[in-house]
Amino acid sequence: MKKLTNLFCHLVVLFLLCSPTAFAQSNVNVSGRVTDEAGQPIIGAGVMLSSDQTVGTTTDLDGNYSLSIPSNATLVISCIGYQTERVAVAGRSEVNVTMREDAEFLEETVVIGYGVQRKSDITGAIASVGEADLQNRTVTNAAAALQGKASGVQILNFSAEPGAESNIRVRGYSSNSSNIGPLLIVDGLQVDNINYLDPSMIESMEVLKDAASAAIYGAQAGNGVVLITTKQGERGRGTITYDVKLIRNDLAKVPEIMNAAQFIDYKRMSGIDIDSMLESYNYDGTDTDWIHEFFGPSFTQQHSLSFSGGNNNGHYYMSLNYIDNNGIIRGDRDTYKRLSYQLNADYKIKDWFTVGTNTSIERNVTQSASQHSESGVMISVLQADPLTPVYYYDPSEFTNLMQQTYAENPDLIMKAPNGAWWAVSPYVETYQGNPFLQLYRGTNSNERINIRGTVYANLTPIEGLVFTSRFGYRLSQSASHSYSTPYFASSMSKDDNYSISASTSVGRYYQWENFANYSKTLGKHTFGIMAGMSYIENNYDSVSASAQGPDILKGYDSNFQYLNYVNNNANTAKSFSNAPSKSASISYYGRLTYNYDDRYNVQAIFRADAYDSSKLSRQARWGYFPSFSAGWTISNERFIKDNVSRDILSLMKLRASWGRNGNVNVLNNYQYATTISKNGSWYQYDIADGVLSYGSGPSGLANPDLKWETSEQIDVGLDTRFFSDRLTFTADYFYKTTKDLLISITPVAETGISSTTINAGRVLNTGLELEASWRDNIGDFNYSVSANFSTLNNRVTYLDPSVSRIESDRGQFATFRNAFEVGYPIWYFRGYQYDGVDHETGEPIYHDFNGDGTVNDEDRTYIGKGIPDYTYGITVNLSYKGFDFLLFGTGVGGNDIFSILYRADRPFHNSLAYYYENAWTPDNKDATMPAPSTVASSEMFWSSSAQVFNGAYFKIKQIQLGYTIPENITKRFAVSRLRIYASLDDYFTITSYPGLDPETASSGTSNMGVDMGSYPTSKKLVFGVNLTF
């Protein structure tokens, strides 16, 4: 579009210059460059003298111009699709101009699902993130690139380990299930993740936030839809682009853990005879900083090579991307390598027939450390006592049990890569023994190969009608291997057996869609209609096998560590599994749009979905999803146009919508049905005779009426643009109800069935979303500031009366739970409310809610939540001549973090220094934490709100400074653009949380805000080069 308008500019100006030109004797030579707001040259822009428009020229292929004009002249720069600029020469010999797009002429289009719409015609809530917001990001996946860029969209990073997938949440949390992510569509293909997409390959990302926009995807759109369009080649000269990033990673935030002196003093205060233990174990003053020992600097490299171009008949874009990310755990046990390839091409065979394809091939290999577990590696780093060294260099340093084991079988005591032995605490026994020991006692790897693509044809038999047939596919294959050896560290941390396992899986996904779009304008009336159908089939097969025992292999060298060499010894336990699956669905959908005079827009959508018997019974397999929306462009009304200048108010539009969506992802494995459990129970058939007999019976209670979760949402929005589009502001309010949640209940005892699944839950999400931006320039200095802010109010409004609440399992923390209960946010923290300290005794005080004088299990209550009340992001862009600067930050607030470090049954675990620094003592009676001796073994205290911290944070995600080498220099080397830059990513975190990383301090959807040891975000020092030929 821009290239056509640039050519048109060129022809217009040549026409205007046909008359003779006269010049004043006092003329000076003035030259310069005309660019757009992205810094790209504008070809064919007219540069004229304001007082005599027969004097002028046009810009060349690089946007350059040269004129001889009076030194006090004023230039008028114009081009179709851009706002006209007037610039005073003021005696300068060089005048560079940045032109703004004319929003009324170059109307931006937005991908909406099975089509596109002008942005001015949108009646729903759609967030758009463009190429400019995705450039030069060091994140390795597309989901992470969305963070902080759109209101109402939260990115959850449960882990920041190399290759970890970011989780997207659109407008809250709607289910007790973990399947609450949005539907993901890339170039029309439904995908299971967008982790494979390098942000540099993306042209745009649209998030369909309201139900009216997402209703076109029906039963899969209950949690929003993310539409991603990858880059296509542009008409014109072919380009070759090479981008490289070299990154130094390091731990971003150091947790405030007790050092040796604090640890010893805290144990004394806890009433533990630590001094006798120190003497007994010959303590030598060791003060191990486990965080420093475990985490260290590492390096990542990212390379991207792309080719693009096109002509009047076709376009092509090809990209090759490589990432080698070694994580911040010392060593090489947390790595991620990915090689990906993207090819997009289209060709117009006839004016009425176009074909195209989008293909992606990806291979990745990962190694990772265990986390989100009380026995995981990540939490053990925080819990390890500082009195124990990392290594033992002589067997005389071993604990007593280690020495006994070493005498019997020295191979069981594991050695570190440096030849020493991993040290184990003599003071406390843990599941891990030593954080490094669990990393190195075995090997594990996971390799995946994925091919994703679409092939499509567009047929245009008559003007305005486009028929599209699109076939999409996903082919996947994965293989994983693990191997571990016997070892001994302590009575809790040991394994007498070898263990080996391997698994492989293949997936085949197909979708075939046929749809037609027709639009027609009759005077002030514009009509649009879309109708189509789709068929989806998903096949999956996997095989896994394992063996375990004291002697399981025919040999133990590395080339024998595969299942092929498992022996047949009697004490070698073997297992295997294989469970292929298949699912299918069919859908019909349509959309009607109407626009009157660019003032009034209405839209209606309807979709019908049906799924096979693996998800729903025959009588409940169909679902119907309608939506309605409308928009009123007030700024196009005469009472505005005739009284308010477009330079002041260029757009004001009201939107409202209602729609219904579903979430079918919560259904699988024939949950509505039951089976007969053969000889599964003992029965007594005769009351007088106590003889028991084997019997068979239903394994559950069938529910053929079971259906998917359904969401209904109301949205009201306002879009505005002011001051020649320099200021934009958007506001939305939404009210979203999700019902028919899947709940497991216990039927009446007479059925003899312990549980069945029914639709009996409801969740409400409401919120306000605000977005604003300002962009302008002062001469050659261009700047823009954009910000977004979102609120969220989440609560459960209904559960089946037979279910008071649903609680997650918390293992050793028996009295602390995440709970799902009416009147509260989903998966809130349920525990004891800590009311402070008795200042005279140092005893903890808990709230007695039922007033019976005793604090017990009946007094557990709401003590916090992991869901933020608000999220926000801010982006600042500055540029001056060849220099550019970016500042990007994002944050959350109103959420809490429950830290699980200290355990009442393991009082020698290390913990946050916060409890030591704020502990009650006879000399510090105003303390906020009780005397350690009163809570050292108190499960009530360590399951109370005393462990709840403010989870709010603000992170400066990126500070980047770049410089583009002038073209007159790079042209000498056949380089059209060369940019170098440096960036500080995730370097600064503002938070009061004393733990490791507030951003990753969650262990999953049902454990939101529960910090059980997550891989932390690393800070990154980035050096990069963008090179274009």
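Only one residue in Y535, Y518 is at pLDDT 95 or above, over 30 Å from the mean Cα position of the chain (by Cα) and surrounded by fewer than 17 Cβ atoms within 10 Å (Cβ to Cβ), so which one is that?
One residue alone meets the criteria, Y518.
Looking at Y341, Y316, can you tell me which residue is within 38 Å of the chain's Cα centre (by Cα), farther than 27 Å from G1013 by Cα, without any contact (Cβ under 8 Å) to a residue 40 or more places away in the chain and assigned to a strand (DSSP E or B)?
Numbers: Y316 fails: without any contact (Cβ under 8 Å) to a residue 40 or more places away in the chain.
One residue alone meets the criteria, Y341.
Does F488 satisfy being more than 22 Å from S614 (Cβ to Cβ) and under 35 Å from the mean Cα position of the chain (by Cα)?
Working: more than 22 Å from S614 (Cβ to Cβ): yes; under 35 Å from the mean Cα position of the chain (by Cα): no.
Answer is no for this residue.
May I ask you to verify whether I969 is closer than 27 Å to N326 by Cβ and surrounded by fewer than 16 Cβ atoms within 10 Å (Cβ to Cβ)?
Values: closer than 27 Å to N326 by Cβ: no; surrounded by fewer than 16 Cβ atoms within 10 Å (Cβ to Cβ): yes.
No; evaluated as a whole, the condition is false for this residue.
Looking at this structure, is I264 surrounded by 19 or more Cβ atoms within 10 Å (Cβ to Cβ) and either touching a residue at least 60 places away in the same chain (Cβ under 8 Å) or among the hydrophobic types (A, V, I, L, M, F, W, C) (or both)? Walk me through it before giving the result.
Numbers: surrounded by 19 or more Cβ atoms within 10 Å (Cβ to Cβ): yes; either touching a residue at least 60 places away in the same chain (Cβ under 8 Å) or among the hydrophobic types (A, V, I, L, M, F, W, C) (or both): yes.
Answer is yes for this residue.
Show the residue pairs meeting these rules: Cβ distance below 9 Å; 6+ apart or different chains; first residue within segment 641-656 and more than 26 Å from S213 (Cβ to Cβ); second residue modelled with pLDDT under 90.
R646/E104; R646/S724; D647/S724; I648/S724
Here's a check for you: in segment 208-247, which residue that is among the polar types (S, T, N, Q) and within 23 Å of the chain's Cα centre (by Cα) is nearest to K1020 (Cα to Cα)?
Our first condition is that a residue be among the polar types (S, T, N, Q); within segment 208-247, this holds for 213, 220, 223, 229-230, 232, 239, 241.
Among the residues that remain, those that are also within 23 Å of the chain's Cα centre (by Cα) are: 213, 220, 223, 229-230.
Values: S213: 38, Q220: 37, N223: 32, T229: 28, T230: 26 Å.
The qualifying residue nearest to K1020 (Cα to Cα) is T230.
Name every residue in segment 618-646 that is among the acidic types (D, E) and at pLDDT below 90, in order of residue number. Write out each step before concluding.
Keep residues of segment 618-646 that are among the acidic types (D, E), which gives 637, 642.
Result: D642, single match.
On the given criteria, is S375 among the polar types (S, T, N, Q), surrounded by fewer than 18 Cβ atoms within 10 Å (Cβ to Cβ), at negative phi and part of a loop (DSSP other than H, G, I, E, B)?
Spelling it out, S375 is indeed among the polar types (S, T, N, Q), surrounded by fewer than 18 Cβ atoms within 10 Å (Cβ to Cβ), at negative phi and part of a loop (DSSP other than H, G, I, E, B).
Go over the candidates I168, I194 one by one and state the one that is among the aliphatic types (A, V, I, L, M), in contact (Cβ under 8 Å) with a residue 40 or more places away in the chain and part of a strand (DSSP E or B).
Working: I194 fails: part of a strand (DSSP E or B).
After applying the criteria, what remains is I168.
If you check A132, A150, A142, which single one turns out to be modelled with pLDDT of 90 or more and either more than 13 Å from the chain's Cα centre (by Cα) or buried (at least 22 other Cβ atoms within 10 Å of the Cβ) (or both)? Even if it seems obvious, please write down each step before you answer.
On the way: A132 fails: modelled with pLDDT of 90 or more; A142 fails: modelled with pLDDT of 90 or more.
So the residue among A132, A150, A142 that is modelled with pLDDT of 90 or more and either more than 13 Å from the chain's Cα centre (by Cα) or buried (at least 22 other Cβ atoms within 10 Å of the Cβ) (or both) is A150.
Listed here are the residues, each with its yes/no results for (1) part of a loop (DSSP other than H, G, I, E, B); (2) at positive phi.
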| position | (1), (2) |
| --- | --- |
| M277 | no, no |
| N282 | yes, yes |
| G285 | yes, yes |
| T288 | yes, no |
| I291 | no, no |
| S304 | no, no |
| S308 | no, no |
| L320 | no, no |
| G331 | yes, yes |
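How many residues, within segment 206-258, are of a type in the set (A, V, I, L, M, F, W, C) and over 30 Å from D334 (Cα atoms)? Reasoning before the result, please.
Step one: list which residues in segment 206-258 are of a type in the set (A, V, I, L, M, F, W, C), which gives 207-208, 211-212, 214-216, 219, 221, 225-228, 240, 244, 246-247, 251-252, 254, 257-258.
Filter once more, so that each one left must be over 30 Å from D334 (Cα atoms): 207-208, 211-212, 214-216, 219, 221, 225, 227, 240.
Residues that pass the stated criteria total 12.
List the pairs whose first member sits in segment 994-1011 and is on the phi > 0 side of the Ramachandran plot, whose second member is modelled with pLDDT under 95 and in a loop (DSSP other than H, G, I, E, B), and whose Cβ atoms are under 6 Å apart, counting only residues at least 6 apart or on separate chains?
Listed by first residue and then by second, the contacts come to G1009/S1002.
I'm trying to understand the selection: among the residues of segment 382-399, which are closer than 17 Å to M492 by Cα and either in contact with a helix residue (DSSP H, G or I) (Cβ under 8 Å, 6 or more places away or on another chain) or without any contact (Cβ under 8 Å) to a residue 24 or more places away in the chain (or both)?
A384, D385, F398, listed by residue number.
All but one of (1) of a type outside the set (S, T, N, Q); (2) crowded, with 21+ Cβ neighbours inside 10 Å; (3) in the same structural domain as L189 (by TED's automatic domain parsing); (4) modelled with pLDDT under 90 hold for V116; state the number of the condition that does not hold.
Result: V116 passes all but (2).
Of everything in segment 736-760, what is surrounded by 15 or more Cβ atoms within 10 Å (Cβ to Cβ), over 19 Å from S804 (Cβ atoms) and among the hydroxyl-bearing types (S, T, Y)? Give them in sequence order.
Within segment 736-760, T737, T738 qualify.
Could you please tell me which pairs satisfy a Cβ distance under 7 Å, a separation of 6+ or placement on different chains, a first residue in segment 286-304 that is outside the structural domain of M201 (by TED's automatic domain parsing) and closer than 30 Å to I240 by Cβ, and a second residue that is of a type in the set (S, T, Y) and not in a loop (DSSP other than H, G, I, E, B)?
H303/Y322; S304/S200; S304/S319
Working carefully through the options I634, I552, I536, I586, find the one that is of a type in the set (V, I, T) and in contact with a Lys or Arg (Cβ under 8 Å, 6 or more places away or on another chain). Steps first, please.
Values: I552 fails: in contact with a Lys or Arg (Cβ under 8 Å, 6 or more places away or on another chain); I536 fails: in contact with a Lys or Arg (Cβ under 8 Å, 6 or more places away or on another chain); I586 fails: in contact with a Lys or Arg (Cβ under 8 Å, 6 or more places away or on another chain).
So the residue among I634, I552, I536, I586 that is of a type in the set (V, I, T) and in contact with a Lys or Arg (Cβ under 8 Å, 6 or more places away or on another chain) is I634.
The values are calculated or read from the model by the stated rules, or taken from the named source; none is laboratory data. Just so we're clear, the structure is a prediction, and the values are computed from it rather than from any experiment. For neighbour counting, all protein chains shown are included, and Cβ atoms are generated from backbone atoms with ideal geometry for every residue, glycine included.
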